[in-house]
Structures are given as structure tokens and as C-alpha cells.
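Take a look at the structure below.
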Ligand code: ADP
């Protein structure tokens, strides 16, 4: 579980807030119920005390104490009802004390006599020696003959405690359960609500400068995520437009440079041919200017090729072709170049490997890779090997050499435009650092890819993968 995810943090906040709210609710209910139960018990006790006074004790002068005792036992049955009833005369003589209740919850003989409480009516809690508490309600009552009595009715407090304990037990069991269900439910709901974010992220990771025509998925829910996806799609559209403009500019600029370069080249050639009696140093200068214009022309051609590829024009001419055949003929054409440097060129595999693509662009891939392999393998003794096979539904072309290799620090950049590992050497060999960019652009335009593995000093292996032509 990712603890920094919005889902996890929201679930945690949610759980915390819910647990806090439920705790407050539980505490308020508990305290409220405790107060309510105590009040209603006090009221019941008070009613009983008053009723004993008004119906029995009031006429004690005429009916006699024994009558009152019998009547209380008969009508109020304190032992059965678990109550304490005590009637005490003003001189301290107890004329009635109920017996031990049937449930044995307290011993009436141990309840201390009430002495110092003032007021006509009062309630107080009495702690028994065994730790139990008794709620005792007292009523000072004057009989019709003028004699004073204290009528006390009590009930064990544990009746209330029992109810409260039950409530506490329900809370202790129920609240964690509610919180757990709410967290689980909340987590699942959050996951569902945030699923479009994952989809947007996955798609966004696939979009590169070469696939700007793609768009993020928009879930039509009318919520913030829909607005976010739409806003990002609008941004990608603006970026696509800007990229197109840049590509168009590069293509137009390269195209415009071609004509003056061709004229310049032609004029220099004419000059070199015409002037037979020009001094040698001027002839040399013209020769080197010619070389430079040729180099410039190659760079302009490469730039034009790259910008056209980026603009998606490379796929115009698509046909079915045998990649193995194309590689073989290209290798044969370049064999002379290898032989000049005494490098052996081995091309194996006779089976045809059919792909769909533009033959001249794919030939360019083979030429660029082979040219590099020969260029960066020192004279004499080295070898370049070429394999073309069909593997796991892909056409694979591998060109390996035993040349200089590429350092680990250069390796991630060699497909970048104008990147040359060793600038002086590459320039001297006529390179401008655009060959591999063209290879990559052509591969991408054919839904393929090019990768490289290399060890400095012992050679490089370039691997091109293209989709096989469908049958
Ligand atoms: P260049 O025109 O300079 O060859 P590329 O784009 O073809 O440009 O290659 C970029 C750089 O990658 C080269 O400058 C070179 O340093 C390195 N490189 C390419 N292919 C090889 C290879 N087969 N062996 C060693 N280095 C290579």
C-alpha cells in the first residue's frame, strides 16, 4: 500500500474524523443517559417517599406504628422490589427498616443513619462498605398529630450502572466495527473515484513529442477529473501545434538552403575546372571549400530528412518488403568501404523477413548503422557482423562491430541530434551527429525501435526491431 497516495491519506483522515465524531457522540450519549437514568430514579424514589408519607405516615397517630409497618410491607414490598425503605422518627427511633432485598444487592442494616442533610427533600449517594453505591432519597414529613419523620427510600445504583455498562459494551463493540466498515467502504469508493487518475497517468507516460496526436482518456462524469483531463488535452493540442510549427520551420529552412548550396557547389566545381593556371594554394582552397559545401549539403539533407520524419511524412510510401534482402544488398554495396579498412563484413541469415515500410528509408537505417560500424572500427583486424531474423513476432536487425565502443556516459545521448561522442574524430570522419537521430526517427515512424549495447574498447551492437508484415 502506498502510504503517500491520496487514497490512503484520505482514508486515514476520514477514519480519524469519523472515530473522533463517534467518540464524541458516544461520550455525549453515555453522559446524557447516565443523567437521565439518575434523574428518573430520583423521581421514582421521591414519589414513593411522598406516597408513603401522604397515605400512611400522615395518620400514624391514629393507626399506630404497627399498621404503618404492615402497610409498607404489603404495598411496597421493598425486599421484592430491591428497595430500601426506612422511616425514622425525629427522636432517632427507626419505626421501619426494610429487610435485605432478595437479590442481596445490599444490607439495609449497614446503611448509615442520615444526620446532617438539610432541606425538606434531598437525594444523595451512600457508599456501602462492600463498595456498592446506593441512591437514597430522603423526605422530612410532618404527620397530622404534629410528629416529625424522615422517610427514606433507596435503590442500588448498580441498576443504572448495569444499563450504562451495557451501553458501553455496545459502543466498544459497535464503534470500531462502524469505523472499520467506513474505512473499507471509503477506501473502495476513493479507489473507484480516483481510477481515472491512474488511467490519465498511464496514458500521459506514453505520450512523447513523437506521439502528440494522442489524447488522454476523458471520463464524462462532469467532475474535476473530467475538467483536468480536458484541460491537459487542450494543452497537448497546443503543444502539438507548436511542434508542427517548429518541424515545418526546420523543413522549410533546410529546403530553402538546398538551392543556394547546389548553386554554390556547382560554381565552385566550375571554378576548379576552368582555371587551369590558378596557383596551387587557391586551387587547394577551392577544393576544401568544395568539401565543406558537400558536408553542408549532407547536413542539410539530414536535417530535412529528420524534420520530414518528425512531421510524419516518412510513412507515405509504404509497401511490403524483405528486410533480409534489403540488408544483404546494402551490405554488398558497402563491402568496398569495409575492405578498404581491411574489416571483414559478415551477413548471415537467408530466410526472408517481411516488413511493411518505406524501402528507401529502411535502407537509410542500414546504411547509417553499417557506415558507423565501419567508421568506428579501426583499420585492419576488426569485423562487422549483421543478422536479420524474425523473433517473437518482430523483425530484428542486429549490427555488431568489434570497434571502439561507446562509453557509458555517452551511451544515453548518441541518438540525440548533433551528439558526437568524440567531436574531433567524428568531424574528421565526416560525421555531424545526425546519423543515429535519423535511424531512430525512421524506426519510430515504422512503429519500431532501435537500441544499443556497447562496451568501450570492445565494440557495439545496435538492434533494430520492426513489426513483421501481417499475412
Ligand atoms: P556521426 O555522424 O558523428 O557518426 P551518429 O549520429 O551516427 O553521428 O553517431 C553519434 C555518435 O555515436 C558518433 O559520434 C559516435 O561517437 C557514436 N557511435 C555511433 N555508432 C558507433 C559505433 N558503431 N561504434 C562506436 N561509436 C559509435
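What follows is calculated from the coordinates using simple rules that are stated; it is not laboratory data. Values in this document were obtained by computation on a predicted structure and should not be read as measured data. Cβ sites come from the backbone with ideal geometry, for glycine too, and all protein chains shown count toward neighbours.
Semi-axes of the equivalent ellipsoid of segment 224-311 are 48, 9, 7 Å, computed as sqrt(5λ) over the eigenvalues of the C-alpha gyration tensor in descending order.
Rounded, prolate or oblate: which fits the chain, taking a ≥ b ≥ c as square roots of the Cα gyration tensor eigenvalues, rounded meaning a/c under 1.5, else prolate when a/b beats b/c? Note, shape of the chain comes out prolate.
Taking the helices alone, the chain has a mean residue ellipticity at 222 nm of -19000 deg cm²/dmol, built from -39,500 (n - 2.57) per DSSP H run of at least 4 residues and averaged over all its residues.
Relative to the longest principal axis of the Cα atoms of the chain, helix 280-310 runs at roughly 40 degrees.
Per the Debye formula on identical point scatterers at the alpha carbon atoms of segment 315-471, with no solvent, log10 I(q)/I(0) at q = 0.09, 0.11, 0.12, 0.14 Å⁻¹ is -0.27, -0.40, -0.48, -0.66. Residue-normalised convex hull volume from the C-alpha trace of segment 1-158: 158 Å³ per residue. In the chain, the longest principal axis of the Cα atoms and the axis of helix 6-55 are about 10 degrees apart. With respect to the chain, whose longest principal axis is taken over its alpha-carbon atoms, helix 158-206 is tilted by about 10°.
Taking 0.36 nm per residue of sequence separation and removing the Cα-Cα distance, the residue 24/residue 451 pair yields an extension gain of 147.4 nm. FRET efficiency for the pair residue 209 and residue 17, taken as 1/(1 + (r/R0)^6) with r the Cβ-Cβ distance and R0 = 56 Å, rounds to 0.80.
Over segment 71-187, the Kirkwood radius and the radius of gyration, each from Cα atoms, give a ratio Rg/Rh of 1.23.
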